[in-house]
1. Look at Asn151 and say whether it is surrounded by fewer than 23 Cβ atoms within 10 Å (Cβ to Cβ), closer than 25 Å to Leu29 by Cβ and over 17 Å from the mean Cα position of the chain (by Cα).
2. So Leu208 fits all but one of (1) surrounded by 14 or more Cβ atoms within 10 Å (Cβ to Cβ); (2) without any contact (Cβ under 8 Å) to a residue 60 or more places away in the chain; (3) assigned to a loop (DSSP other than H, G, I, E, B); what number is the exception?
3. Quick check on Ile242: is it in contact with a Leu (Cβ under 8 Å, 6 or more places away or on another chain) and among the hydrophobic types (A, V, I, L, M, F, W, C)?
4. Go through segment 88-97 residue by residue and tally those that are in a strand (DSSP E or B) and either surrounded by 21 or more Cβ atoms within 10 Å (Cβ to Cβ) or within 22 Å of the chain's Cα centre (by Cα) (or both).
5. Scanning segment 168-182 for residues that are of a type outside the set (Ser, Thr, Tyr) and open to solvent by less than 30 Å² (accessible area, probe 1.4 Å), which turns out nearest to the chain's Cα centre (by Cα)?
6. All but one of (1) hydroxyl-bearing (Ser, Thr, Tyr); (2) more than 15 Å from the chain's Cα centre (by Cα); (3) not in a helix (DSSP H, G or I) hold for Ser309, so report the exception by its number.
7. I'd like the residue in segment 376-414 that is small (Gly, Ala, Ser) and buried (at least 17 other Cβ atoms within 10 Å of the Cβ) and, out of all such residues, is farthest from the chain's Cα centre (by Cα).
8. State yes or no: is Val250 under 21 Å from Cys374 (Cα atoms), at pLDDT 95 or above, surrounded by 19 or more Cβ atoms within 10 Å (Cβ to Cβ) and of a type in the set (Val, Ile, Thr)?
Amino acid sequence: MITKTRIIPDGKNVLKKLPLIHYLEAPYLYYPITNQRCPEGETCVVFGQFVKVGEVIGTRKGAFFEQPIHATVSGEVVGHEMKFDASGKRVNCMIVKNDFKYELHESIQSRTDEEIKRLTKSDFVEISKQAGLVGLGGSAFPTYIKLNTKNKIDIILANGVECEPKLISDYELMMDHPDELIKGLIYSMQAVEAKTGIIAVKKKYNELVERLRFALNSYSEYDIKVVAVGNYYPQGWELEAIKSATGITVPQGKLPADFGIIPFNVSTLQSLYHAVKFNLPVLERYFVISGDGVVNKSFKVRIGTPIQSLIDLAGGYVDQMIPKTLIMGGPMMGSNVTNDDIVTTHTATSLIVQNTVLLDEDPCIHCASCVYSCPVEIQPVQIMNAIKAEDKDFLKTLSVNKCIECGLCSFVCPSKIHLTDYMRQGKRMLRG
C-alpha cells in the first residue's frame, strides 16, 4: 500500500558531532554584486581603496528594494572576479585582500539596553535595512520589509526546525548562542509590539529543547516559550511550522502577517540582535561540508570565504577518480553547482559532495507516491505531462505555482524521475 512519506533520513547525528573549525582568516574575500533576489548591483569603492569591517562597499538592487553589501574584513579592494554563489549562478564578485587587522568601521557602535528600549518600530526597520538583514533560512527576503508590516502582530515565531537533511547551521547556532537568538526574538517582538514569542524546534532534539528552556529562565518577564514540533519533512516549511507551533492555519498564498504572526529563521533573529546591539551586518555563518565524496567538516567562516579553501582545510575529496556531484544547500532543495569555485554568502550553510551515481530514469508506473507525499496536494506527474505537451492552461489548472520545491516527489519516485525539476520548469514556463 502506498502511504505518505513523512520521515526521511537526515544524516545529522554524525555531522553534529564534528568539531567546529573557526576559519575566519581567509586571505581574500569575495562579495557577489548580485544575488538571487537582486539581479542588478553596483560598487561604491575603487581599486586600491582601504575598507573596514562593516563598511558598505556596494549595493544590490531588487525589484522593490535595495540591499547594501558590507565588507567582512578590513583590507584593500583589489579587483573583481567571476565566482559561483549559493544559487549555483556565476556572478561578478568584488575582492578584498584581508589585512588581518579587522578594523571596525566608524558606523559600528554599540547601543545600551536603555537606548534599545527607546527604539521605535521605524528605528528597527531602518537598522535592519542599513545592516542588509535578510532571511538566513534560505529565502533571503529583506527583514526590514517583514518588520514594516501594517498588520497587528500577536506572535513572532522563531523557526529553528531546520528539517532538511544534512543541514546543522541553525542547530549549532541555537546550541552555541541561545541568548543571542532570544534577544533577537525580543527585539523583533518590541519592533512590532507582539506579546508572544515562540521558538519552534524538532521534538527529537531533547538536548536543544532543554538548552533553550534553560536560557529562557533569564527572560521570565517575556512571554516566550519553546514548542517541540514534529520530526517529519517538510516540518520546517513556513506554513507547516506555523500550524504545528501555534495552531494557526495560514492558507497558501496568504501572508502570515495577515493572521497576526511573523515567522523568522533563528539565524535571522541572531543577526537582528547583532544589528540592533552593535550595528553590525552579518559577518559570519556556520557552514558544513558533507557527503561521501569529501572529508566531512563543520566550520564557522566569514561571509565571502572561498569554499575551495574550506574543502582543502577539511582534507579534500575522497576517491578523486570518481566524478562528484556538488550541491549547495540541502539534498532536497539545494542547487547543483558545476564546480567548487564558490563563495559563502548570507544564505550559504552547506556544501554536499557526493560520489556520482548515474541512475536510469524509468517510465512512470502510476503508483501515486508523489501525489500522496506532496505537502501542497498537487499532482507532479500530471504537471510533468503538461510541461511535455507545453500546455500552459493545464499547468495553471494543476496549480504548479503552489509547489514549494521540497523535493519529496523526486525522493519517493520509484522510477527515479526528477519530478521536482519538472515543477521548476513548469513555474518558469508560466512566468515566460
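The values are calculated or read from the model by the stated rules, or taken from the named source; none is laboratory data. Computed from a predicted structure; not experimentally measured. Note: ideal-geometry Cβ built from the backbone for every residue, glycine included; neighbour counts use all protein chains shown. In case anyone asks, the SASA skips ligands and DNA or RNA and just uses the protein heavy atoms, side chains included. Shrake-Rupley method; radii C 1.70, N 1.55, O 1.52, S 1.80 Å.
1. Details: surrounded by fewer than 23 Cβ atoms within 10 Å (Cβ to Cβ): yes; closer than 25 Å to Leu29 by Cβ: no; over 17 Å from the mean Cα position of the chain (by Cα): yes.
So Asn151 fails the test.
2. With (1) surrounded by 14 or more Cβ atoms within 10 Å (Cβ to Cβ); (2) without any contact (Cβ under 8 Å) to a residue 60 or more places away in the chain; (3) assigned to a loop (DSSP other than H, G, I, E, B) applied to Leu208, the lone miss is (3).
3. Details: in contact with a Leu (Cβ under 8 Å, 6 or more places away or on another chain): yes; among the hydrophobic types (A, V, I, L, M, F, W, C): yes.
Criteria met by Ile242.
4. If we filter segment 88-97 for residues that are in a strand (DSSP E or B), which is where we start, we get 90-97.
Still in the running and either surrounded by 21 or more Cβ atoms within 10 Å (Cβ to Cβ) or within 22 Å of the chain's Cα centre (by Cα) (or both): 90-94, 96.
Within segment 88-97, residues that are in a strand (DSSP E or B) and either surrounded by 21 or more Cβ atoms within 10 Å (Cβ to Cβ) or within 22 Å of the chain's Cα centre (by Cα) (or both) number 6.
5. In the first step, residues of segment 168-182 are kept if they are of a type outside the set (Ser, Thr, Tyr); the result is 168, 170, 172-182.
Next, from what is left, pick out any that are open to solvent by less than 30 Å² (accessible area, probe 1.4 Å): 168, 170, 172-174, 178, 181-182.
Details: Ile168: 11, Asp170: 9, Glu172: 14, Leu173: 13, Met174: 15, Pro178: 18, Leu181: 16, Ile182: 19 Å.
Looking at residues that are of a type outside the set (Ser, Thr, Tyr) and open to solvent by less than 30 Å² (accessible area, probe 1.4 Å), I get Asp170.
6. (3)
7. Our first condition is that a residue be small (Gly, Ala, Ser); within segment 376-414, this holds for 386, 389, 399, 407, 410.
With the extra rule that they be buried (at least 17 other Cβ atoms within 10 Å of the Cβ), the set shrinks to 386, 407, 410.
On the way: Ala386: 31, Gly407: 16, Ser410: 21 Å.
Only one residue fits best here, namely Ala386.
8. Values: under 21 Å from Cys374 (Cα atoms): yes; at pLDDT 95 or above: yes; surrounded by 19 or more Cβ atoms within 10 Å (Cβ to Cβ): yes; of a type in the set (Val, Ile, Thr): yes.
Yes, satisfied.
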